[in-house]
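Chemist: Here it is: the structure, laid out below.
The values are calculated or read from the model by the stated rules, or taken from the named source; none is laboratory data. Computed from a predicted model, the values in this text were never measured in an experiment. Note that we place each Cβ from the backbone using ideal geometry, even for glycine, and neighbour counts take in every protein chain shown. The area values use the complete protein model at the heavy-atom level, side chains included, leaving out ligands, DNA and RNA. Shrake-Rupley method; radii C 1.70, N 1.55, O 1.52, S 1.80 Å.
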Amino acid sequence: MDFTLDTHAEELLVQYYEQIPRLVKLQETAYTLLDQIIRQQGIYITAIERRLKSVESLKGKLELKGGKYARLEDITDLVGLRVITFYTHDVDKVAALVNRIFEVDWQNSVDKRKLHQLNSFGYNSLHYVCRLPKSKVDDPRMADIPFELQMRTALQHAWSTIEHDIGYKFDIQIPREYMRQFNRLAGMLELVDDEFSRLRNAVADYRRRVQGFVKSAKFNEVPFSLSTYRSFLELKPLERLNLRIAAINQAELFPASLLPFFPLLEKFGMNSLGDVQRFISDNSDDAFKLATLQLAVTDLDILSEAIGMQNLCFVHVMKQGWGVEGVKLVFDTLAPYEPSNLHLAERLVKQAAVLPFAQQSNSQTTLAEHEQPNH
C-alpha cells in the first residue's frame, strides 16, 4: 500500500528505523519483567502477547495524524504488550502488579471498562501507557520510550478479535439490524464473563468454608467429595491406626496416596466426612486385629501407609456380609485386572473367619443388592 507522508512524517519514520534495535530490547525487557512477577504472584493467565509496531501500520498512522507527534517518543504504541486473563478480577490484580514494576502514565492511560457503551464489550480492557524504570535498564534512553500495555479477559479478547474481523474487514457500512445483533452478543458475553468470575469466587469461598469445617472437625457438616476427602487426609486420620499396625513387626511406613480409596468409600455410601470418620473409628480395632492376623506370621519390615485404610475396607465389606465378592471389590479397585485378586480375596476371607467381627457379620445384604438404586 502506498502512503503519502510529509517531510516531518518521513523524519519520524527514519527515527523509527534507527530505534528498532532499542525497541526490540525494550519489548523483551518489559515482557520478561511482566512474566516474572505474574508467575511469582501465582496469577493464572492465558497469555502475554507482545509486538513491535509494523512499518506499514506506522506509515498509516503518520499519514493520518503525523502532525500530532513532535517526536517519535510521542507515539505510545510502537511497542505493545497484552495480558490476557481468565477472569475479570484478575485484570485488576495484573494492573496492580504493572503499577509496581513500571512507571504508568496515568494521563494517557484509560480504563475502557468504565465507558459503558452498549457495543464496547470488546474494548472493555485496561489500556496503560508505561515506561521502564531507569533502574531496570542498561540504556537510559530506553526509559524515555513509552509502550502500551493492554489487560483484558479471554472473552474480551475473543470478542475484540471477532468484532474487528466482522466490523472492519470489509469496507462497507454494516446495517443496523446486524449491529443490533452485534450489541446483543456483546451484552451476553459481558454477562458470561462476569458470571465466570462470580462462580469462581463462590467456589473459592465454598472451599474455604469446607476447609474451615474440616480443620474445626465439624465433619458432619462437610459433604463427601474428592476435594473434601483430600483436605480430610491432610489431618492424617489414619496415622494412629497405621502406627499400631506397623508396631506388629516393628515395620517402617513409606508414603502412599489414599486417594485411590475414594471410589470405594463412595460405594460404601459415605455422604459426609462425618461418615468417613465414623467408618474409621467403628472399624479401627477390627482392622488392627485383621492386620495382626496377616502380619504376625511374616517378617515384613516395610509397610505402605495405605495398610490401615485397606484393612478398614476389608473389615467393612466383611461386616456387611459381602464376603469374597466384597473383598475382591477392594482388591479390584486398588489393582484392576489383577488375575490373582479372586484368590487373594478367598484366602483373606478364610483367614478372617476366626475373628469375631467376621462371625457376627450382617449377611442379609449382598453386594449386588447394595449396589441397586434403592440401597
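Chemist: Does segment 257-267 contain any residue that is outside any helix (DSSP H, G or I), at pLDDT 80 or above, buried (at least 16 other Cβ atoms within 10 Å of the Cβ) and not hydrophobic (A, V, I, L, M, F, W, C)?
Modeler: Of segment 257-267, the ones outside any helix (DSSP H, G or I) are 257-258.
Now restrict to residues that are at pLDDT 80 or above: 257-258.
Checking which are buried (at least 16 other Cβ atoms within 10 Å of the Cβ) leaves us with 258.
When the remaining residues are screened for being not hydrophobic (A, V, I, L, M, F, W, C), the result is none.
Scanning segment 257-267, I find no residue that is outside any helix (DSSP H, G or I), at pLDDT 80 or above, buried (at least 16 other Cβ atoms within 10 Å of the Cβ) and not hydrophobic (A, V, I, L, M, F, W, C), so the answer is no.
Chemist: Here is a follow-up. So residue 47 passes all but one of these: (1) within 23 Å of residue 19 (Cβ to Cβ); (2) small (Gly, Ala, Ser); (3) not in a helix (DSSP H, G or I). Which condition number does it fail?
Modeler: Checking residue 47 against (1) within 23 Å of residue 19 (Cβ to Cβ); (2) small (Gly, Ala, Ser); (3) not in a helix (DSSP H, G or I), the one that fails is (1).
Chemist: I'd like the residue in segment 27-49 that is in contact (Cβ under 8 Å) with a residue 60 or more places away in the chain and among the β-branched types (Val, Ile, Thr) and, out of all such residues, is surrounded by the most Cβ atoms within 10 Å (Cβ to Cβ). Reasoning before the result, please.
Modeler: In the first step, residues of segment 27-49 are kept if they are in contact (Cβ under 8 Å) with a residue 60 or more places away in the chain; the result is 27, 29-30, 33-34, 37, 46.
Then keep just the ones that are among the β-branched types (Val, Ile, Thr); that gives 29, 37, 46.
Working: 29: 18, 37: 15, 46: 12.
Among them, the one singled out is 29.
Chemist: May I ask you to verify whether residue 53 is out of contact with any helix residue (DSSP H, G or I) (no Cβ under 9 Å at 6 or more places or on another chain) and either within 22 Å of residue 131 (Cβ to Cβ) or free of Cβ contacts under 8 Å to residues at least 24 places away in the same chain (or both)? Full working, then the answer.
Modeler: Values: out of contact with any helix residue (DSSP H, G or I) (no Cβ under 9 Å at 6 or more places or on another chain): no; either within 22 Å of residue 131 (Cβ to Cβ) or free of Cβ contacts under 8 Å to residues at least 24 places away in the same chain (or both): yes.
No: the conditions fail for residue 53.
Chemist: What number goes with the only condition from (1) charged (D, E, K, R); (2) at pLDDT 85 or above; (3) surrounded by 12 or more Cβ atoms within 10 Å (Cβ to Cβ) that residue 111 does not pass?
Modeler: Going through the list (1) charged (D, E, K, R); (2) at pLDDT 85 or above; (3) surrounded by 12 or more Cβ atoms within 10 Å (Cβ to Cβ), residue 111 breaks only (2).
Chemist: So the check is Cβ under 9 Å with 6+ separation or different chains; which pairs have a first residue in segment 1-26 that's open to solvent by 90 Å² or more (accessible area, probe 1.4 Å) and a second one that's among the charged types (D, E, K, R)?
Modeler: Note: pairs meeting the criteria are 1/56; 1/59; 4/63; 25/138; 25/139.
Chemist: Sticking with this structure for a sec: Just a yes or no: is a residue in segment 218-236 touching a residue at least 40 places away in the same chain (Cβ under 8 Å), in contact with a Cys (Cβ under 8 Å, 6 or more places away or on another chain) and either surrounded by 17 or more Cβ atoms within 10 Å (Cβ to Cβ) or assigned to a helix (DSSP H, G or I) (or both)?
Modeler: Of the residues in segment 218-236, the ones touching a residue at least 40 places away in the same chain (Cβ under 8 Å) are 219-224, 228-229, 232.
If we keep only those that are in contact with a Cys (Cβ under 8 Å, 6 or more places away or on another chain) as well, we get none.
Within segment 218-236 (the criterion being touching a residue at least 40 places away in the same chain (Cβ under 8 Å), in contact with a Cys (Cβ under 8 Å, 6 or more places away or on another chain) and either surrounded by 17 or more Cβ atoms within 10 Å (Cβ to Cβ) or assigned to a helix (DSSP H, G or I) (or both)), the answer is no, since none of the residues qualifies.
Chemist: Which condition from (1) in contact with an Asp or Glu (Cβ under 9 Å, 6 or more places away or on another chain); (2) at pLDDT 85 or above is the one that residue 197 breaks?
Modeler: (2)
Chemist: Go through segment 268-304 residue by residue and tally those that are within 15 Å of residue 232 (Cβ to Cβ), of a type in the set (S, T, N, Q), open to solvent by less than 70 Å² (accessible area, probe 1.4 Å) and part of a helix (DSSP H, G or I).
Modeler: Number of matching residues: 1.
Chemist: Going by the structure shown, is residue 94 open to solvent by less than 30 Å² (accessible area, probe 1.4 Å), assigned to a helix (DSSP H, G or I) and either modelled with pLDDT of 95 or more or closer than 18 Å to residue 132 by Cβ (or both)? It would help to see each step written out before you state the result.
Modeler: Numbers: open to solvent by less than 30 Å² (accessible area, probe 1.4 Å): yes; assigned to a helix (DSSP H, G or I): yes; either modelled with pLDDT of 95 or more or closer than 18 Å to residue 132 by Cβ (or both): yes.
Yes.
Chemist: Quick one: residue 63 ticks every box in (1) open to solvent by 60 Å² or more (accessible area, probe 1.4 Å); (2) in contact (Cβ under 8 Å) with a residue 12 or more places away in the chain; (3) out of contact with any helix residue (DSSP H, G or I) (no Cβ under 9 Å at 6 or more places or on another chain) bar one, so which box is it?
Modeler: (3)
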